[in-house]
Structures are given as C-alpha cells and as structure tokens.
1. Just the number, please: percent antiparallel of the DSSP beta bridges in region 59-204, rounded to the nearest 5.
2. Compare the peptides 128-137, 63-72 by average per-residue count of other Cβ atoms within 10 angstrom and give them in order, highest first.
3. By its C-alpha gyration tensor, with a ≥ b ≥ c as the square roots of the eigenvalues, how is region 49-161 shaped: rounded for a/c under 1.5, else prolate for a/b larger than b/c, else oblate?
4. Counting only other residues whose beta carbon sits under 15 Å from that of VAL206, what net charge do I get with K and R as +1, D and E as -1?
5. For the pair ALA209 and GLU236, what calculated FRET efficiency results from E = 1/(1 + (r/R0)^6), where r is the Cβ-Cβ distance and R0 = 45 Å, to the nearest 0.05?
6. Based on the mean of other Cβ atoms within 10 Å per residue, sort peptides 101-113, 150-162 so the most packed one is first.
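Derivation of every value follows stated rules applied to the coordinates shown; laboratory data play no part. Keep in mind that this is a model prediction, so the values were computed, not measured. Glycine gets a Cβ as well: all are built from the backbone with ideal geometry, and neighbour counts include every protein chain shown.
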Amino acid sequence: MSKLFMSAIALGIAFSAIAETTGDKPRLSTIERKAKLEAVVNQRVGGFIEKPGSGQGSIVYINCQKKAPKAWIDESIAYFTEVTKFKINYAEGTFDIKNPKVEGNVSIFIVEDDGLPTLLIAPENRWAMVNIAPIAQEKRPIFFEQRTKKELSRAFAYLCGATGSKYERSLTRGISSQTELDKNPDYELPMDVVQRFWDYMKPLGVIPAQRSTYLKACQEGWAPAPTNDVQRTIWEQTHQLPSKPIKIEFDPAKGK
C-alpha cells in the first residue's frame, strides 16, 4: 500500500476527528475548524492550493461608515471567502441610494443613516445595504457587534440568492426584530443556504475558485513546484517512474 494512499486514509480519519462534537465540548467556529483542518492537511497531503484562473468575478463589501469597526467586516469577508471560495474584497466609499456605485459584480454597502431600514436588498441592481444606525441603538457592545455580523450574513445571503433553510434557526428565517438575532449563537449560515450561492451567482459572473490538496493537484497534473518538504515528497512520489515499467516488444508480423 503506497504512502500516498495511506496519507489519504489518514486525512479521512483526521476529517472525521475534527468534525466530531460532543455535548460537553464548545462549538468551534468556521475559522477555528479551518485552522485545525489545515494543520492536518499541510502535514498529510501538502496543504490546500488554488487552481490558477479557476475563480471568476468578485463581491465587494463597501464600507461607508465609521461606527462599526472594520475588523467586524473583515471577519465576515474571511468567513464567506472560506465557505464559498468566492473572491470577496473590501473597499471604502459613499452610498447614494438613488444611484449606488457598485464595485465588482455585486456589492454590499455598510452605511450609517437614521432615515433607512436595517437591510435593503436590490438584486436586479446587484447591491445590498446594511445600515449600522438602527443596530447601534443597542448600547451593550457585545450585542452591537454580534448583531452587526449577523446582519452582514443576512445581507450576503439575500443578495446571493439564498433565503429559506431546512434548519428553522437559520439567520435567513423570518426575523422581525433585532432581539430575535440574539437567539443565534453566531453569524454562520447552514450549508444548505451556502450551497445555493454557487448556482445563483454564476449568471452574475461570480464563480468560486477551485481549491484542492497538493496531492490531488499533483495527481491531476496542475500542481506548481513544491515549496516545502511535504510537498516535495508528494511531488517526487507522484512523478517517479514505476519500479516495473511495462515493456512493449516489437512484433515483426505486425510491423510494430
């Protein structure tokens, strides 16, 4: 049994171990799960790499306010980049509701305006808006932070084509007040919501990047040159000549 095959088995076991949860263990965030997974993947199969040219289009968060820290927006971008594999960028600008300046293929504006509702979605015009002003009426800092991140997730979901979920506590359910957001432990979305983004965004020109392990990329023939010892071992084992190559002898009767 080859070392690469054994690595694949070990990786599968590692995935299962990371996915396991028990009632007395705290729930890991997507970012924490990613860190644990990547540590195993780096060691076993050379880490994850992105296939050049496989992703198209972009989603841009446009920050037009100062009350909510940029770090909260960055966290939302990091989360959705990880779960969707879309290219998601950050920009700063202004918001004119009559003529919003969309960047990328679609944009999410983060604004502060006492005259606007918390969320606005304009799918035909390819933008959504999250208004920090009504959220900031909550004076408890942790509630303000969590509600902001949850509203960013809701805006992303609605703009990118997903609402209903088989999970009744999804953030995309019918919510009529800010306090209802507090029932959700975090800003993450169920996978049945996330999976709908890919089909919906494709006609809008947003296609996720193809991400694979270095081992699989070597097997498929598009891996770049190795950059560390693990990748170098995988590269050499994948590209080495077989120990008993097939011999083809000349047949005079057939002339070949």
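1. The antiparallel proportion sits near 20 percent.
2. On the way: 128-137: 20.0, 63-72: 15.0.
Descending packing order for the listed peptides: 128-137, 63-72.
3. Numbers: a/c = 2.09, a/b = 1.40, b/c = 1.50.
Oblate, because a/c is 1.5 or more while a/b does not exceed b/c.
4. Summing Lys and Arg as +1 and Asp and Glu as -1 gives +3.
5. Working: r = 27 Å, r/R0 = 0.60.
With R0 = 45 Å, the Cβ-Cβ based efficiency is 0.95.
6. Values: 101-113: 20.2, 150-162: 23.1.
Output ranking for 101-113, 150-162: 150-162, 101-113.
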